[in-house]
Structure formats: C-alpha cells, structure tokens
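In what follows, a structure is listed as structure tokens, so that the remarks can point back to it.
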Amino acid sequence: MNFNKADLLWIREPKTFSINEEKITIRTEPCTDLWQRTYYGFQNDNAPVLQMWTEEKYFSFVVKTEFDSKHRFDQCGIVMYLDSENWLKASIEYENDTFQRLGSVVTNHGYSDWATTDIDAAVKSMWYRFSRRESDYCIECSQDGISFKQMRICHMWEGAERIRFGIYACSPEESSFEARFSCMELTECKWLAHK
C-alpha cells in the first residue's frame, strides 16, 4: 500500500479482521448491510467499513478484492461512506451457484439505487478503481488490474468537500465469509476530463 495504514479508520469495526502491509482481511458477520429505503422501505446501516479521509479533489483509488462468498447477497468491495444517508459502494453480490451481480449503489439524501449486470458465479476476484473529480465520481472494474471498464458515473450531493473512502464487506442474510483486499493504491486521477 502506498499510504499509511494508520490513516485507515473503522466505521463499525468487525469482530474478526487482520491488517498488514500486503493485505486486509475481513470476516463478515450475519445480517450486515448498507441500504436505504428505495423500493421496499428497508433500511440497514451496519456493515463494517474501513476508510481514510481526504480533501484531495482529483485522485483514483484502486483495490483488488478476493472472496469466498457462497450465500445470497454476500458482498465486498469499495465504498465512500460519508454518513448513513450519503454513500456509494461497488461490489459483487453473490446470488446463486449460477450467477452473481456485479453492481453499484449510490445513496443520496437517504435513498439508494442499484445498478447491476449478471456475471458468472465462478468469479471470485475483482479489481475496482474509484475516481474523484470534485463532487463527481467514477467507478470502474477489472478482472486483471490493468484493463478497467466503466461501471458508472455519479454525482454526490454531499461529496464536494472532505470525504472518506475505502473498503467494506457484509453478509445481509444468515451467513459469513472471508473478504481479502490487496494491491491498494492511490494515484493521480485516471478519470480524464471530458473533451
């Protein structure tokens, strides 16, 4: 990692985790999730989140995720958690032994959306790149850490000033799995200005 791990701060520290120079491991706990209101009124705001603060307006954050998820909705990925009603996340959510959902959620002022595409259930690793241009954000994914594909671009109404961002893992139903995060890197903004 090219930043000080002492800069990482927990929001809801999990019972089981480890942090070293090469890897961060989180063991999820049952009935943990991040979701707000949309569609069926459900609210859950108890997933463990490990983040760092920044005032930098232009940057990219990259992380590799590896996971042994095997129960519906198990997930791990990147997150920018400002408060319970303003955050975004990107991850793979396990669905069944045939497919899972690669997707992202943006929550502005207490309402979540969910944009997904189905991928094979055999995928057990994914890279993510989170980029900031002031209060606008881009989320990308990659299977090799080299070639990234855009997942979404969004605006965060409360994301114009100091933000915090990092990683998360959770198991919304009665399950638990190990999520591993490595190759974490901060770089100049890879999301280029539109010409």
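The values are calculated or read from the model by the stated rules, or taken from the named source; none is laboratory data. Note that the coordinates shown come from a computational prediction; the quantities given were computed from them, not determined experimentally. Cβ atoms come from the backbone with ideal geometry, glycine included; neighbour counts cover every protein chain shown. Each accessible area value is taken on the protein alone, full model and side chains, heavy atoms only, with ligands, DNA and RNA left out. Shrake-Rupley method; radii C 1.70, N 1.55, O 1.52, S 1.80 Å.
What is the distance, in nm, between label points placed 7 Å from the Cα along the Cα-to-Cβ direction at residue 44 and at residue 85?
2.2 nm
Mind checking the per residue accessible area of the chain for me, 1.4 Å probe, whole number of Å²?
On a per-residue basis, the chain sits at 48 Å².
Hey, what do the phi angles of segment 49-56 turn into as Karplus ³J(HN,Hα) couplings, whole Hz, using 6.51/-1.76/1.60 and θ = phi - 60°, x for Gly and Pro?
10, 10, 9, 10, 8, 7, 10, 4
Could you calculate the contour length gain from residue 4 to residue 109, that is, 0.36 nm times the residue separation minus the distance between their Cα atoms, to one decimal place in nm?
34.7 nm
Say R0 is 35 Å: what FRET efficiency, to the nearest 0.05, do residue 186 and residue 98 get from their beta-carbon distance?
Computed FRET efficiency for residue 186 and residue 98 comes out at 0.45.
Can you count the Lys pairs in segment 18-156 with C-alpha separation below 19 Å, eight or more apart or on different chains?
Lysine pairs meeting both conditions in segment 18-156 amount to 10.
May I ask for the Rg/Rh ratio of segment 91-195, computed from Cα atoms with Rh as the Kirkwood radius, given to two decimals?
We get a ratio of 0.96 for segment 91-195.
Are there trypsin sites (Lys or Arg not before Pro) in segment 48-146 that DSSP marks as loop and that have at most 16 other Cβ atoms within 10 Å, and which are they?
57, 70, 72, 124
GluC sites (Glu not before Pro), restricted to segment 1-84: which are DSSP loop and have at most 16 other Cβ atoms within 10 Å?
Answer by residue number: 21, 22, 55, 56.
Probe radius 1.4 Å, ligands and nucleic acids ignored: give me the carbon and sulfur share of the accessible area of segment 1-133 as a rounded percent.
On segment 1-133, the fraction of accessible area on carbon and sulfur atoms equals 49 percent.
Work out how far the C-alpha atoms of the chain reach from end to end along every principal axis, then list the three figures in whole Å, largest first.
Over the chain, Cα extents along the principal axes are 43, 38, 30 Å.
Mind ranking 111-117, 177-183, 165-171, 39-45 by how tightly packed they are, going by the mean number of other C-beta atoms within 10 angstrom, highest first?
165-171, 177-183, 111-117, 39-45
Considering Cα pairs under 8 angstrom that are at least six residues apart, work out the relative contact order of segment 106-195 and quote it in whole percent.
So the answer I get is 22 percent.
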